[in-house]
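Enquirer: Structure below; questions to follow.
Bear in mind that the values in this text are calculations on the coordinates, not laboratory data. Treat the numbers as computed from the prediction; the structure is a model and nothing was measured. Using ideal geometry, Cβ is built from the backbone for each residue, glycine included, and neighbour counts are taken over all protein chains shown.
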Amino acid sequence: MEELDDEPGGRVDNESDRPFSCNPTVEELYNYIDGYLDDSQRAEFRSHLQRCNGCDDVYHFEVGLRSFIGSRVRQVMPPDARRRIMDSLENLF
């Protein structure tokens with residue numbers, strides 16, 4: 001997960017000042033967080049986040065939410081569950 005500088009310089013809140021619509025940006029947010037964008041797309045997305053408070057807020061919320069959920073949902077699989085899953089998979093093939 002990539003962190004951005006929180007420096008507010010040059011950022012806008014007014015949608016008319018944004019270089020492109022935020023809807024596609026929000027749709028790409030998960031791809032950006034998960035590292036699925038190529039270098040050019042990442043640079044464009046990062047540039048948008050540095051200029052757009054709304055999208056940057058959504059980015060930081062999603063990163064924080066994932067971190068929170070990940071820290072709370074760590075359950076160990078019972079040893080017999082792994083064996084049952086592997087047995088079921090072997091029976092399929």
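Enquirer: Can you give the extra length, in nm with one decimal, that the chain gains between residue 67 and residue 40 once fully stretched, where that is 0.36 nm per residue apart less the Cα-Cα distance?
Expert: Working: separation 27, 0.36 × 27 = 9.72 nm, distance 2.61 nm.
Here the answer is 7.1 nm.
Enquirer: Related question: What ranking do 31-39, 59-67 get when scored by the average of other Cβ atoms within 10 Å per residue, highest first? Intermediate results must be reported in sequence, preceding the final value.
Expert: On the way: 31-39: 12.3, 59-67: 13.9.
The most tightly packed comes first, giving 59-67, 31-39.
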